[in-house]
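Single-structure report; data block below.
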Amino acid sequence: METSFDTVLMINVLEHVPNEQVALRTFGLLSHTAGHAVILVPRDPGFHGSLDAVLGPRERYTKASFRESLERAGLRVGQLFSFNRCSVPGCWISGKLLGKKTFSKPQLKRLDTAMPMLKRIEKLWPWQGLSLIAVAVKE
């Protein structure tokens, strides 16, 4: 019996695998014709900081590099957008400015408490999000 899936979800996975093309092409083997992939990756190589050193992503992506990787693997990108603008200031301060290697419980609690309000104004902030999300289709 052959197993296949019509949708594959990868959240903070692609940036950790040694060969992203192998991972993306494996998706193609597992999915139906015209199967979908929803993939979230970290955005902006310039944002790499001490938190990345601990978490271990192989890379951070730009919209162009992410799109190119997906297309090289035979996927057609339907949507590609940044996500999670509200976390950028805290991650930049913690990971770039202060060189922290973890988030504190109080810091996470403050973010969790503020999230309902932050979500309402997120699109007004002038910077891009901390992550990129792509919705792609196997061609």
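Numbers at a glance
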read-out: Cβ-Cβ under 7 Å pairs, at least 6 apart or on other chains, segment 36-47 side in contact (Cβ under 8 Å) with a residue 60 or more places away in the chain, far side assigned to a strand (DSSP E or B) and of a type in the set (Asp, Glu); value: His36/Asp6
read-out: Residues of segment 122-132 that turn out to be out of contact with any Ser or Thr (no Cβ under 8 Å at 6 or more places or on another chain) and either touching a residue at least 24 places away in the same chain (Cβ under 8 Å) or closer than 17 Å to Gly49 by Cβ (or both), as a count; value: 4
read-out: Condition met for Asp52 (closer than 19 Å to Pro18 by Cβ and either touching a residue at least 40 places away in the same chain (Cβ under 8 Å) or of a type in the set (Ser, Thr, Tyr) (or both)); value: yes
read-out: Residue ID - nearest to Leu80 (Cα to Cα), chosen from residues in segment 55-66 that are surrounded by fewer than 20 Cβ atoms within 10 Å (Cβ to Cβ) and among the charged types (D, E, K, R); value: Lys63
read-out: Looking only at segment 42-54, and only at residues there that are assigned to a helix (DSSP H, G or I) and surrounded by 15 or more Cβ atoms within 10 Å (Cβ to Cβ), the one that is farthest from the chain's Cα centre (by Cα); value: Ser50
read-out: Every pair of residues 6+ apart whose Cβ atoms lie under 6 Å, when the first sits in segment 109-120 and is within 12 Å of Ser87 (Cβ to Cβ) while the second is not β-branched (Val, Ile, Thr); value: Leu118/Cys86
read-out: Number of positions in segment 101-134 that are closer than 25 Å to Gly46 by Cβ, not charged (D, E, K, R) and not in a loop (DSSP other than H, G, I, E, B); value: 10
read-out: Count of residues meeting criterion [within 17 Å of Gln21 (Cβ to Cβ) and over 11 Å from the mean Cα position of the chain (by Cα)] in segment 55-66; value: 3
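Where a number appears in this text, it was derived from the coordinates with a stated rule and is not lab data. On a predicted model such as this, the values are computed, not experimentally measured, just so you know. As a convention, Cβ positions derive from the backbone with ideal geometry for all residues, glycine included, and neighbour counts pool all protein chains shown.
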